[in-house]
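First the structure, in the form of structure tokens, and then the observations on it.
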Amino acid sequence: MSTTPATKQATSKTTVSAKHTTTAKKTTVAKKLTTAKKTMVAKKPATAKKTTATKARKTTRKRSRKPVADGVWTHVEHGFGPCWNQYSRVLFLGTMASPKSREAGFFYMHPQNRFWPVMEALFANPDDPNDRVGKTRETRQAFALHHGFALWDTVEACDILGASDASIKNVKPADLAPMIAGSNIDHIYPSGAKAMQLYEKYCQPKLAEAGLEVPVTPLPSTSPAYASKTRDQIIEMFRERIDPADLAALQHGMPLAGPADNSRSALSL
């Protein structure tokens, strides 16, 4: 059977058309595959970034639960008793003796604590060079007794993290009744918010049970941790909050304890 020129041309056109169609399909498939790969590659980094960000947030949350306070938990005993005698007129009340104070055997012996500079600024006689707090336990005890203020803490024993008052737990409270009943103390001044909190929780109920009611006025902390206030600011805050009658009496000073009074000048070690 002979093929005419027209038939050959039709066959040729059909072949070319089929090739074009096949090539177009391959191109379309290739484009789709390329686009899909690009999409997958683009999605992976975004997913990885999200995963990394999520892990970072989880890590941050976990880290935030860790305690931030320094030191280790220890059970501590106060180590020394209150400072007072029958002439004591007011009681300055702290929380718990610091490691430096326990080492020295007396109150507020950390060199950066502002308590003794504040006491000297408020009560020392500027015309008497001997009327100074000094730096030793003996000179500071003598200053306190002469000016008529007693010293004690709300806590006799506790568990504490380092020297942080805020961490105090498992408290054995101090018994204030004997010194209140055996002296002229008619006002209690807790120093710092924690001292006031512990006094209200533990000491005040015991005094009430003993039938002793004593006015209480909180004072700012003199601790070096209370760095938002300068020493001069703390002095003025003490001056403003201490009862004027107490302020005048402590500035005047009290009789020094004689030999017969030593047994009642209770600084038990």
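Just so you know, all these numbers are worked out from the coordinates, no wet-lab data involved. Just so we're clear, the structure is a prediction, and the values are computed from it rather than from any experiment. When we count neighbours, we look across all protein chains shown, and the Cβ atoms used for this are built from the backbone with ideal geometry, even at glycine.
Highest average first, the peptides 90-96, 130-136 ordered by how many other beta carbon atoms sit within 10 Å of their residues are 90-96, 130-136. Of the peptides 231-244, 101-114, the ranking by mean beta-carbon count within 10 Å, highest at the top, reads 101-114, 231-244. Taking the Cα centre of the stretch 74-264 as origin and assigning +1 to Lys and Arg Cβ atoms and -1 to Asp and Glu Cβ atoms, the resulting dipole is close to 460 debye. Packing order of peptides 82-89, 155-162, 193-200, 246-253, highest average first: 82-89, 193-200, 155-162, 246-253 (average count of other Cβ atoms within 10 Å over each peptide's residues). A simple spin-label model places the labels of residue 237 and residue 208 2.7 nm from each other, with each point 7 Å out along Cα-to-Cβ.
Between the beta carbons of residue 200 and residue 74, assuming R0 = 22 Å, the FRET efficiency works out to 0.30 to the nearest 0.05. A cut-off under 14 angstrom between Cβ atoms defines the neighbours of residue 207, and their net charge, with Lys, Arg +1 and Asp, Glu -1, is -3. Using a cut-off of 18 Å between Cα atoms, the listed pairs 172/201; 135/194; 169/229; 169/194 include 135/194; 169/229 as exceeding that distance.
Normalised by residue number, the volume inside the convex hull of the Cα atoms of the stretch 106-254 is 118 Å³ per residue. Between residue 136 and residue 175, the FRET efficiency estimated from the beta carbon spacing at R0 = 22 angstrom works out to 0.20. Amide H contacts of residue 153 (H built 1.01 Å from N, in plane; Pro and chain starts excluded): 94 sit under 5 Å, all sequence-distant by 5 or more or on other chains.
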